[in-house]
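Here's the structure, in structure tokens; my notes come after.
The values are calculated or read from the model by the stated rules, or taken from the named source; none is laboratory data. These numbers come from a predicted model, not from an experiment. Quick reminder, even Gly has a Cβ in these numbers, built from the backbone with ideal geometry, and neighbours come from all protein chains shown.
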Amino acid sequence: MTVTSEREPAPTATPARTTPRPIAFLARVPFTLALMAALLVVGIATGGLVRPITEADWYETFAYGAPSFADGRWWTVVTGTFLVITPWGYLILAVLVPLGVGWLELRRGSRAASAYFIGGQAIAVVGAAIVIAAFAEFGSTWAEGLVTQVDVGPSGGVMACLAAAGASLGSPWRSRALLVLTAFVLVSVLFLGSIADVEHAVAVGTVLLMNARSFTKPTLREQRFVAFVAIIALTAVQVLAALVPTRGPFGATYAGGMDLIDVLIDTVIVVVVATGLRRGYRAAWITTLVLAALNVLVGALAVVFIAHPDLLGGSSGAVDAGDFDDREGLAFAAATGFLWAVLLLWLLVCARAFRARLRRRLHGDHGADRPGARIEEARDVVQTTGGGVLSWMATWRDNRHFFGAPGTVVAYQTHQGVALVLGDPIAPPDELGEALAGFASAAERGGFIVCVFGASAAARDAMPRGWHALQIAEDTLVDLPGLEFTGKRWGAVRTSLNRAEREGVRFRFASLATEPRSVRAQIGAISEQWVGDKGLPEMRFTLGSIDEALDPAVRMALAETSDGTIEGFLSWLPVYAPGGSPRGWTLDLMRRRDGGFPPVMEFLIGSSALAFRDEGAQFLSLSGAPLAHSEELEGESSVERVLDRLGALLEPAYGFRSLHRFKQKFNPRAEPLYLLYGDGADLARIGVALVRAYLPDASVPQLVRAGLTMGG
């Protein structure tokens, strides 16, 4: 223990020295740095940085490959690893080494990165030599051309690390990363066919086998994504063959041997079909089946002609495309036929993933052609089953409804191919997860992306496995039993009530549909003035309008002077308990007359709270302000930080955060509201869909002008 005197100042704590971020980052990848340094040192020592090392007399002595191993030079696995054929190869490695080895080292540590690189490089080099020698023994002209060649470079180990890093990702990114990598190495082997391409395929294939147990049954989305990547890869192959010469196990093709215009037309067609496959359209699936079957047939015929050139009037033996100008497409047709066969098999196995119709509609969306009856059915479910603070919004006319098990309904809207669920599914608490999973399954089969906007913590806990949750708002709840406006913290509300009494402003509940025309005209004028000040059309989705306020179940809170002037108004949506009686109320519209009674909102909310308390209600929800919350979120993700910035950007136009601060006058308790979604890759599309849901009538020029105004 340290004792200090009055004359001697207490020692101050020495601030901890923080390591600069770049240095801290580099300290996490020592093996990657060492590998890059070794490659650079060897490049300087051998002159490989300035000229191709294939020109050196010693090149074949230190390079690895089948000839080196046949001569007993197994140590070339090490020496060849640190050599690079051409100077521009160092530029490629400057990208690939950090991307592959560095990424793996960051995710799994230096020991794993070094093990995968060293082991992957050795397996790739030796395995490629064995594969090429085996094919040469079987008479492959492609392999016979490679079996006498040698190679250098660390790309086999780098590809192994890249595959291992992809395998360490969570679902669904793991399967997607490895799928793209597999497509790349497969196309490279079939159409480029160099020793390095075989090494890459061996390295990636080995890592896939090592991590086979980590793969799970693909979801509908993943099945569609595989088909999408496959057909895009086939399109890339076709463009590649039209632009550059290729040589692979099936033979050679030559640049210019295919009509570029035809290739471009085919590319456009295939891209359209690929988009349909990604969305699960049945029409795209059938079209692809026909294309695949035709290409498989052509590929099979090409293999026959390659094996039996006499059928085309050629000499016996394997076909050399260089000798037959009219047969240049045989090798290409055979190789692409193999890939089409793989895709055809996948499409047949995964046929259930491609059932969406071009005119998308969910199985279970009953009453889509009779909206009035559909809304009445939804109203009955809400009143019978009960629900959360957003449940009455399920009865609004803009929504569609998915009726699952008896007593359940999911209200949603579709925009940009996204099914946006509005709040929690209406279901008994123990059936919440089942209702959400049933809707998500039906929506995915229909080709929709699914997300839930404004979900409660209960829905978050019941969301399907593998889904994600982002806090996008914060509900503000006022508990009513025993509520009294006493004490300092209720001063603003108490002051507004006293001032209203002095100035003759009275409070009353009303049903807007039965109010006199003079009252409805004033409410309409106040609302139009409020909307006109925004520069954008009235927001929808979770924000109602005067039309929704005409519902007899909605309570209107009016602040009215003795001469009948409306100073402001609120609309309250019922929150039902099971059985049909309201247990709480949710604030929707909240508008005031310009130049009117200043504390009208405090007066209306305070008066409503007392009136609902006396009726026996349990709580008031002052609604969640989008993109606003009271405190900093713990462990805030990068996406949530982006949403925070978006909230700050929208503040000048809609004042979400200032409204959230205003509600703190009523001392509410906060409950988070979440965005639930299945795939992080869908967030951008979900964001666009939310913009259209909130602003369905906004034109592009209006959105651009608003964006420029907010940005400025």
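Brief remarks follow.
- Residue within region 542-555 that is within 19 Å of Ala611 (Cβ to Cβ) and hydroxyl-bearing (Ser, Thr, Tyr) present: no
- Hits in region 459-481 - residues which are in contact (Cβ under 8 Å) with a residue 60 or more places away in the chain and not in a strand (DSSP E or B): Ala459, Arg460, Met463, Pro464, Gly466, Trp467, Leu480, Pro481
- Filtering region 609-627 to residues that are touching a residue at least 60 places away in the same chain (Cβ under 8 Å) and out of contact with any Ser or Thr (no Cβ under 9 Å at 6 or more places or on another chain) leaves Ala609, Leu610, Ala611, Phe612, Arg613, Ala617, Gln618, Phe619, Leu627.
- Pairing residues of region 178-207 that are among the polar types (S, T, N, Q) with residues that are assigned to a helix (DSSP H, G or I), at Cβ distances under 6 Å and at least 6 apart in sequence or on separate chains, gives Ser188/Asp197; Thr206/Ile123.
- Taken together, the residues in region 271-310 that are of a type in the set (Asp, Glu) and within 22 Å of Ala353 (Cα to Cα) amount to 0.
Yes or no, residue by residue, for (1) assigned by TED's automatic domain parsing to the domain that holds Pro582; (2) closer than 17 Å to Asp682 by Cβ; (3) at pLDDT 90 or above; (4) not hydrophobic (A, V, I, L, M, F, W, C):
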| residue | (1), (2), (3), (4) |
| --- | --- |
| Asp424 | no, no, yes, yes |
| Glu431 | no, no, yes, yes |
| Ala455 | no, yes, yes, no |
| Gly466 | no, yes, no, yes |
| Ile472 | no, yes, no, no |
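- Failed item in (1) under 30 Å from Asp151 (Cα atoms); (2) over 20 Å from the mean Cα position of the chain (by Cα), with Gly166 passing the rest: (2)
- Exactly one residue among Thr235, Thr216 is modelled with pLDDT under 85, β-branched (Val, Ile, Thr), under 25 Å from the mean Cα position of the chain (by Cα) and not in a loop (DSSP other than H, G, I, E, B), and that residue is Thr235.
- Qualifying residue in region 502-522 (condition: closer than 30 Å to Ile686 by Cβ and either charged (D, E, K, R) or at pLDDT 95 or above (or both)): no
- First in region 508-522 and more than 19 Å from Trp572 (Cβ to Cβ), second anywhere and surrounded by fewer than 17 Cβ atoms within 10 Å (Cβ to Cβ), Cβ under 7 Å, 6 or more apart: Ser518/Gly564
- Residues considered: Ser527, Ser441, Ser456. Of these, the only one that is polar (S, T, N, Q) and more than 23 Å from Gly624 (Cβ to Cβ) is Ser441.
- Gly102 being touching a residue at least 24 places away in the same chain (Cβ under 8 Å), out of contact with any helix residue (DSSP H, G or I) (no Cβ under 8 Å at 6 or more places or on another chain) and in a helix (DSSP H, G or I): no
Every residue, every condition in (1) touching a helix residue (DSSP H, G or I) at 6+ places or on another chain (Cβ under 6 Å); (2) farther than 26 Å from Leu343 by Cβ; (3) assigned by TED's automatic domain parsing to the domain that holds Val78, yes or no:
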residue	(1), (2), (3)
Gly145	no, yes, yes
Val152	yes, yes, yes
Ala177	yes, no, yes
Val185	yes, no, yes
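- Search result, residues across region 56-81 that are assigned to a helix (DSSP H, G or I), more than 47 Å from the chain's Cα centre (by Cα) and more than 16 Å from Gly43 (Cα to Cα): Glu60, Thr61, Pro67, Ser68, Phe69, Ala70
- Residue check, Leu690 aliphatic (A, V, I, L, M), in contact with a helix residue (DSSP H, G or I) (Cβ under 8 Å, 6 or more places away or on another chain) and at pLDDT 60 or above: no
- Check on Val84, assigned to a loop (DSSP other than H, G, I, E, B) and either surrounded by 14 or more Cβ atoms within 10 Å (Cβ to Cβ) or aromatic (Phe, Trp, Tyr) (or both): yes
- Sole exception among (1) in a helix (DSSP H, G or I); (2) touching a strand residue (DSSP E or B) at 6+ places or on another chain (Cβ under 9 Å) for His200, by number: (2)
- Within the set Ser496, Ser571, the sole residue that is among the hydroxyl-bearing types (Ser, Thr, Tyr), touching a residue at least 60 places away in the same chain (Cβ under 8 Å) and surrounded by 13 or more Cβ atoms within 10 Å (Cβ to Cβ) turns out to be Ser496.
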